[in-house]
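The values are calculated or read from the model by the stated rules, or taken from the named source; none is laboratory data. Only a predicted model underlies this, so the values are computations on that prediction, with no experimental measurement involved. Please note: Cβ atoms are built from the backbone with ideal geometry, for glycine as well, and neighbour counts cover all protein chains shown. Side chains are part of the model used for accessible areas, which takes the heavy atoms of the whole protein and leaves out ligands, DNA and RNA. Shrake-Rupley method; radii C 1.70, N 1.55, O 1.52, S 1.80 Å.
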Amino acid sequence: MKAIVDCNSFYCSCEKVFKPELNNKPIVVLSNNDGCIISLNDDAKALGVKMTGPYYQAKPVIEKYNVAVFSSNYNLYGDMSQRVMQTLKMLTGEENVEVYSVDECFINLDHIPAAELCKFALHLKKTVEEWTGVAVSIGVAPTKVLCKVANRLSKKNKKETKGVMVLHNEQEIKHALQKTAVTDIWGVGTRYALKLQSNNINTAWELRNTNEEWGRKNLGGIVGVRLIKELCGDPCGEIKEPLKVKKMITTTRMFGKPVTELKYIKEAVATYISRAAEKLRRQSCSVKTVHVFVVTNDYADVYKYNPQTRGSRVILPVATSVTNNIIRYALPLVDKLFCEGSRYLKAGVIFSVLEPDDCIQSNLFSAAVKNTRHSLMETLDNINFSMRDDAVKFVSSGLTRNWKMRQELRSGRFTSRWEELKEVR
DNA sequence: TCTGGGGTCCTAGGACCC
DNA sequence: TCTGGGGTCCTAGGACCC
């Protein structure tokens, strides 16, 4: 058996830990740039506020009911996430925990006797809540997909389930699947949901009873086959070692307000390259292919949101993680992409084809230079880490940066900055 | 008169996730 | 005035190899 442990309204819970006066009060957390609502607690949901809706649309309700609003504070959430995961690893053994995202993980429970699963899950929940202050829900079942089903039902009816649901046998699985719409299955997005519904498959139970060949044809080949097997209780995804090394690194941000000047877009792209290169060095890799993209909103009616993406890529002669090298090759792409007169909403970079630093493929046609600037980069990373982000940066990334995103309502980085430590009198 | 079959690698694009 | 920022996996098709 497996479990999924999922933090309830994670970002809101993190804010609440340091502001106990918000207990039982509605809370929302906004995306970067304060654009969208990306987390809301049950109290906010009860007021009719929608997840991932634009902030401005919900503003009337938010102001009327005095909902607490925060800009996202990823330093805080990242640190709280580690505390939750660390607690679970201590309780179940590191090798049994697969961290799946910032707020959820799968746990292998094969060593727990069937009769004790529920008790054990409740123990995990209670301990995490006591040690970190973050509330969690737990779903236990034979496969990951079924765990997600159980977890969702446990959340929907917290009073009855106490936030824990175990699917012990076929009967319980059947009952749970009948209560789950296809749109709520993990692995079914809008496209697949439409296809399923047009074939008159509306519940998870109906999907489970579909034959695998139909799934192969209509739900993305092997992906669909696995999905149906998992619903049948036949595990296709085991608890995995976490991916220590990413295969792709992306950095992208909305601008604080639309930008029309080439100069500022180049500054932003240089900044994003610096950030992505930091992430790259953290996993001791170098990048071979750099993709740069910009998003415009050119429409007769400027209020209509109709983003258009244009991108271009460059393949470096030799993979590198040296920021200024990457900037040199990638920044000219911005000149190519730029159109005078467009309004730019956003830009970003994607690093793909990542090579480990210790086995970089050299180039027959360029001199065999090593990553000689590594000590410079290391120094730069150390300064920026110990002082503040961007204490030292490249001039091409701009000095004034008036394109930067808004974060007007961010709370303190209570657990990761000494100067912002929470004081108790 | 007539031109194979089997394989690998890479990339773009589509789907999904939180 | 105003709509996030990351990721993953899979597949099809083209280029190339012997």
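Report yes if A:VAL145 is hydrophobic (A, V, I, L, M, F, W, C), in contact with an Asp or Glu (Cβ under 8 Å, 6 or more places away or on another chain), part of a helix (DSSP H, G or I) and within 16 Å of DNA strand C (Cβ to nearest atom), otherwise no. Outline the logic, then answer.
Details: hydrophobic (A, V, I, L, M, F, W, C): yes; in contact with an Asp or Glu (Cβ under 8 Å, 6 or more places away or on another chain): yes; part of a helix (DSSP H, G or I): yes; within 16 Å of DNA strand C (Cβ to nearest atom): yes.
Yes.
Among the residues of the stretch A:331-351 satisfying the criterion of being surrounded by 16 or more Cβ atoms within 10 Å (Cβ to Cβ) and within 15 Å of DNA strand B (Cβ to nearest atom), which is nearest to A:LEU280 (Cα to Cα)? Only one residue tops the list, namely A:PHE351.
Filtering A:GLU230, A:GLU241, A:GLU206, A:GLU212 for residues that are among the charged types (D, E, K, R), touching a strand residue (DSSP E or B) at 6+ places or on another chain (Cβ under 8 Å) and farther than 30 Å from A:GLY398 by Cβ leaves a single hit, A:GLU241. Looking across A:ASN306, A:ASN297, A:ASN325, one residue alone is free of Cβ contacts under 8 Å to residues at least 12 places away in the same chain and not assigned by TED's automatic domain parsing to the domain that holds A:ASN211. It is A:ASN306.
Within the set A:GLY220, A:GLY237, the sole residue that is among the small types (Gly, Ala, Ser) and at negative phi turns out to be A:GLY237.
Just give me the residues in the stretch A:54-80 being open to solvent by less than 10 Å² (accessible area, probe 1.4 Å) and touching an Asp or Glu at 6+ places or on another chain (Cβ under 7 Å), in sequence order. Even if it seems obvious, please write down each step before you answer.
Just the residues of the stretch A:54-80 that are open to solvent by less than 10 Å² (accessible area, probe 1.4 Å), to begin with: A:62, A:71-73, A:76-77, A:80.
If the condition is that a residue be open to solvent by less than 10 Å² (accessible area, probe 1.4 Å) and touching an Asp or Glu at 6+ places or on another chain (Cβ under 7 Å), then A:SER71 is the only one that fits.
The residue of the stretch A:32-51 that is nearest to the chain's Cα centre (by Cα), among those that are over 26 Å from A:VAL128 (Cβ atoms) and of a type outside the set (A, V, I, L, M), is A:ASN32. For A:GLY163, the conditions (1) open to solvent by 20 Å² or more (accessible area, probe 1.4 Å); (2) within 30 Å of A:VAL128 (Cβ to Cβ) all hold with the exception of (1).
Residues in the stretch A:15-35 that are at pLDDT 90 or above, in contact with a helix residue (DSSP H, G or I) (Cβ under 9 Å, 6 or more places away or on another chain) and not polar (S, T, N, Q): A:GLU15, A:LYS16, A:VAL17, A:PHE18, A:LEU22, A:LYS25, A:PRO26, A:ILE27, A:VAL28, A:VAL29, A:LEU30. Filter the stretch A:251-265 down to the residues that are of a type in the set (Val, Ile, Thr) and assigned to a helix (DSSP H, G or I) and list them by number. Result: A:ILE265, single match. Of the residues screened, A:THR252 is not one that is under 22 Å from the mean Cα position of the chain (by Cα) and open to solvent by less than 30 Å² (accessible area, probe 1.4 Å).
For the stretch A:374-425, the tally of residues that are over 13 Å from A:THR271 (Cα atoms), out of contact with any strand residue (DSSP E or B) (no Cβ under 9 Å at 6 or more places or on another chain) and open to solvent by 50 Å² or more (accessible area, probe 1.4 Å) stands at 18.
Hey, could you check the stretch A:230-249 for residues that are out of contact with any helix residue (DSSP H, G or I) (no Cβ under 7 Å at 6 or more places or on another chain) and within 16 Å of DNA strand B (Cβ to nearest atom) and say which is farthest from A:GLU98 (Cα to Cα)? Ranking the qualifying residues of the stretch A:230-249, first place goes to A:MET248.
Each row is one residue, and each column tells you yes or no for (1) within 16 Å of DNA strand C (Cβ to nearest atom); (2) under 27 Å from A:GLY139 (Cα atoms); (3) hydroxyl-bearing (Ser, Thr, Tyr); (4) open to solvent by less than 60 Å² (accessible area, probe 1.4 Å).
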position	(1), (2), (3), (4)
A:PRO26	no, yes, no, yes
A:ALA44	no, yes, no, yes
A:MET51	yes, yes, no, no
A:VAL99	yes, yes, no, yes
A:VAL102	yes, yes, no, yes
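Just to verify a result, which residue in the stretch A:275-291, among those that are more than 12 Å from DNA strand C (Cβ to nearest atom) and open to solvent by 10 Å² or more (accessible area, probe 1.4 Å), is nearest to A:MET405 (Cα to Cα)? Out of the qualifying residues, it is A:ARG281. If I filter the stretch A:272-286 for residues that are over 30 Å from A:GLU94 (Cβ atoms), within 16 Å of DNA strand B (Cβ to nearest atom) and within 23 Å of the chain's Cα centre (by Cα), do I get at least one hit? No, the stretch A:272-286 contains no residue that is over 30 Å from A:GLU94 (Cβ atoms), within 16 Å of DNA strand B (Cβ to nearest atom) and within 23 Å of the chain's Cα centre (by Cα). If a residue must be more than 16 Å from DNA strand B (Cβ to nearest atom) and assigned to a loop (DSSP other than H, G, I, E, B), how many such residues does the stretch A:103-118 contain? Number of matching residues: 5.
All conditions but one from (1) within 16 Å of DNA strand C (Cβ to nearest atom); (2) part of a loop (DSSP other than H, G, I, E, B) apply to A:GLY233; the one that does not is (1). The single residue among A:LYS144, A:LYS125 that is among the basic types (Lys, Arg) and surrounded by fewer than 20 Cβ atoms within 10 Å (Cβ to Cβ) turns out to be A:LYS125.
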